[in-house]
Amino acid sequence: MNCTEILHTQSYLDGELDGAEAATAERHLETCAECQALAAATADLSDALRKVPRHRAPDTLRHRLTKQLDRETRRTPAKSFWVGAASGGGLSALAAGFALFLLLPPTAASLSQSVVDAHTAALTSQKTIMVASSSHHTVKPWLAAHAGISPPVTDFTEQGFVLTGGRTDEVAGNRAAVAVYRHGNHEVDLFAWPDRGTKLPEPGMARGFRMTFWKSGDLDYAAVSDVDAAAFQKFVALAKNQRE
Amino acid sequence: MDDRRRRFEAQALPHLDAAYNLARWLSRSPTDADDIVQDAMLRAFRAFDGFRGGDIKAWLLTIVRNCWLSAGAATRRRGHTSLEDQELEAPESDPETTAIQAGAKRRLDAMIAQLPQEFREVLILREMEDMSYREIADITGVPIGTVMSRLARARATLREAARDCL
């Protein structure tokens, strides 16, 4: 480890940098063999770590918590949500899952839901692309004309994500511009819609698709795809750091 | 159910697994993790009126970590070592995983468990819980620069140890 920029490169790889800082880190990464090796090794490690199962809270703990909160509130509800969530029976687990969905902050839950709905609807109808082009000179003005917003569009072919086109779509009632990319057999959709101050969901998975949300300028963004974690992170880093 | 409790359950429940995962990796003991999370959720519930928005996951994980620290201090006062019942058994089995992959995962699991605590926690928070440097700094109570160097050390140590199974 001799490179003095190594922590800076790590921050870049972790998606902690934006704007000019990210551009500087990117330029450095292009020329520094040590940082390139770090990037590859970090991606491999992240991928392996994401396959280590997360420990899940046992049902017995949920039961104990319910009882404890009952004592704390000095009122015993007939059947609290914790009990439903912990019982594990088919129907009540289903009900608990439904309750969880209802109880999540509506904006975050509906945004995740809406983005995955739009992505899967486009995939199943095979109408993911309304304008087919690998040139950002074509896709960007088309999106500006049809979606009414003009997010940056960049072809990342050299980094493994081929720009294949764009479409308009709808996310939680907002008109969204979608840049469509291909990575091997997988499609990656990059959604953008006007930021209305909504709190964005945390990165996560729904129905087998990874999603990450972020804000930049006056737009909200969501990347969604079923590529693996390392590829997805790489795409998100690229998308976050593209220039106007 | 009163409104405060409903709001608490709605906001905190989605992060119960995250709370348990952190407690489990910090204490390396299922029994301790149970106690730590139970204690943490109770404290969080009592302090919930003081929680004014912001990231509830980071807030909960901070409380979990504090509970783990005080549980450790209590154990030491009783003359026990906090690592006594550490166990490195295999995580929940995944039927789709082959025996070889399972072996590699288990080894990786054990390697994470053997990292010094200050490296282990930043690694878990970053790689499993997807927390930002700022959030990790807030949870662990150290400057961002320290988070960055600990994360680099944790990854380097793990890469070195896991060379065969990555």
Considering residues that are free of Cβ contacts under 8 Å to residues at least 40 places away in the same chain and not aromatic (Phe, Trp, Tyr), the number found within segment A:115-142 is 16
Scanning segment A:33-56 residue by residue, the ones that are more than 10 Å from chain B (Cβ to nearest Cβ) and surrounded by 19 or more Cβ atoms within 10 Å (Cβ to Cβ) total 1
The lone condition B:Asp2 fails out of (1) modelled with pLDDT of 90 or more; (2) farther than 14 Å from A:Arg62 by Cα; (3) within 7 Å of another protein chain (Cβ to nearest Cβ) is (1)
Filtering segment B:134-145 for residues that are surrounded by fewer than 19 Cβ atoms within 10 Å (Cβ to Cβ) and within 11 Å of chain A (Cβ to nearest Cβ) leaves a count of 3
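Taking the conditions exactly as written (crowded, with 23+ Cβ neighbours inside 10 Å, in the same structural domain as A:His146 (by TED's automatic domain parsing), touching a residue at least 60 places away in the same chain (Cβ under 8 Å) and within 16 Å of the chain's Cα centre (by Cα)), does A:Phe235 satisfy them or not? Talk me through it step by step, then tell me what you get.
Working: crowded, with 23+ Cβ neighbours inside 10 Å: yes; in the same structural domain as A:His146 (by TED's automatic domain parsing): yes; touching a residue at least 60 places away in the same chain (Cβ under 8 Å): yes; within 16 Å of the chain's Cα centre (by Cα): yes.
The answer is yes for A:Phe235.
Pick out the one residue from A:Gly184, A:Gly160 that is assigned by TED's automatic domain parsing to the domain that holds A:Ser112, surrounded by fewer than 18 Cβ atoms within 10 Å (Cβ to Cβ) and touching a Phe, Trp or Tyr at 6+ places or on another chain (Cβ under 9 Å).
On the way: A:Gly184 fails: touching a Phe, Trp or Tyr at 6+ places or on another chain (Cβ under 9 Å).
Within the list A:Gly184, A:Gly160, the selection yields A:Gly160.
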Scanning segment B:124-166 for residues that are outside any loop (DSSP other than H, G, I, E, B), out of contact with any Ser or Thr (no Cβ under 9 Å at 6 or more places or on another chain) and over 19 Å from B:Leu60 (Cβ atoms) gives B:Ile144, B:Gly145, B:Ser149, B:Leu151, B:Ala152, B:Arg153, B:Ala154, B:Ala156, B:Thr157, B:Leu158, B:Glu160, B:Ala161
A:Leu143 meets each of (1) aliphatic (A, V, I, L, M); (2) at pLDDT 80 or above; (3) in contact with a helix residue (DSSP H, G or I) (Cβ under 9 Å, 6 or more places away or on another chain) with one exception, condition (3)
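Table: residues versus (1) among the hydrophobic types (A, V, I, L, M, F, W, C); (2) assigned to a helix (DSSP H, G or I).
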residue	(1), (2)
A:Ser11	no, yes
A:Gly15	no, no
A:Ala22	yes, yes
A:Leu29	yes, yes
A:Asp44	no, yes
Requested in this report: Taking B:Asp34 as the residue in question, decide whether it is assigned by TED's automatic domain parsing to the domain that holds B:Arg65 and modelled with pLDDT of 90 or more.
Outcome: yes
Counted residues in segment A:122-156 being assigned to a helix (DSSP H, G or I) and surrounded by 13 or more Cβ atoms within 10 Å (Cβ to Cβ) come to 12
Among the residues of segment B:85-104, are any more than 17 Å from A:Pro53 (Cβ to Cβ) and either part of a loop (DSSP other than H, G, I, E, B) or modelled with pLDDT of 90 or more (or both)? yes
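The values are calculated or read from the model by the stated rules, or taken from the named source; none is laboratory data. Just so it is clear, the structure is predicted and the values come from calculations on it, not from any experiment. Because the Cβ atoms are built from the backbone with ideal geometry, glycine has one as well, and the counts that use them run over all protein chains shown.
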